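Each remark here refers to the structure printed beneath this line.
The values are calculated or read from the model by the stated rules, or taken from the named source; none is laboratory data. Since the structure is predicted, the reported quantities are computational estimates derived from the model, not experimental observations. Here the Cβ positions follow ideal geometry from the backbone for every residue, glycine too, while neighbour counts run over all protein chains shown. Please note that ligands, DNA and RNA were not included when accessible areas were found on the heavy atoms of the full protein model with its side chains. Shrake-Rupley method; radii C 1.70, N 1.55, O 1.52, S 1.80 Å.
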Amino acid sequence: MNSKLLALSSKIIFRNPNRLFSVSVANFTKVNDEGFPDPLDLATGTEKKEMLLRLAGNDDPYNLKAIKRGVSTRDEPTLVPSAFEARIVGCVCEEDASHVKWMWLHSGEPKRCFCGHWYKLVFKEALV
């Protein structure tokens with residue numbers, strides 16, 4: 001009995017499977033005139049808003065890029081946009097500096113950094 005079971009199990013285990021395998025060249029030409037869909041058509045929510053803003057010319061919708069200082073006096077401070085009443089601002093006082101001096105800016109009042117540059121918070125509508 002054991003020998004029959006062993007012979008049957010070895011036939012099942014070691015038999016060659018009858019699988020068909022075919023290789024074909026992929027065709028990447030356009031089947032119809034539409035081609036791939038536009039990413040703007042597939043985007044939704046916040047991603048779509050960001051894409052529309054970039055198409056409109058706003059490359060920094062969340063104000064994440066560094067702001068270049070202007071004249072930076074008390075009468076003409078560097079304007080920092082924010083959708084809130086206060087914002088933390090980092091000032092690189094010297095071009096060769098390896099550290100950033102951080103300070104809080106509050107709306108309505110310009111603030112002077114230790115290096116002498118002035119900053120003022122201005123309101124900007126949120127992207128909600």
### Task
Select from the range 38-89 the residues that are acidic (D, E) and in a helix (DSSP H, G or I) and write down the one among them that is farthest from A126 (Cα to Cα).
D41
### Task
Among residues belonging to the range 93-110 that are in contact (Cβ under 8 Å) with a residue 24 or more places away in the chain and more than 19 Å from Y62 (Cα to Cα), point out the one that is surrounded by the most Cβ atoms within 10 Å (Cβ to Cβ).
P110
### Task
Name the single residue, out of those in the range 111-128 being under 28 Å from the mean Cα position of the chain (by Cα) and open to solvent by 30 Å² or more (accessible area, probe 1.4 Å), that is modelled with the lowest pLDDT.
V128
#### Entry: Residue list for the range 37-66, filter: touching a Leu at 6+ places or on another chain (Cβ under 6 Å) and free of Cβ contacts under 8 Å to residues at least 60 places away in the same chain
M51
#### Entry: Residue count, the range 43-70 (criterion: more than 13 Å from the chain's Cα centre (by Cα), surrounded by 10 or more Cβ atoms within 10 Å (Cβ to Cβ) and farther than 20 Å from H106 by Cα)
4
### Message
Considering only residues that are open to solvent by 30 Å² or more (accessible area, probe 1.4 Å) and of a type in the set (V, I, T), which ones fall in the range 71-92?
### Response
V71, T73, I88, V92
### Task
Name every residue in the range 90-128 that is part of a loop (DSSP other than H, G, I, E, B) and of a type in the set (S, T, N, Q), in order of residue number.
S98
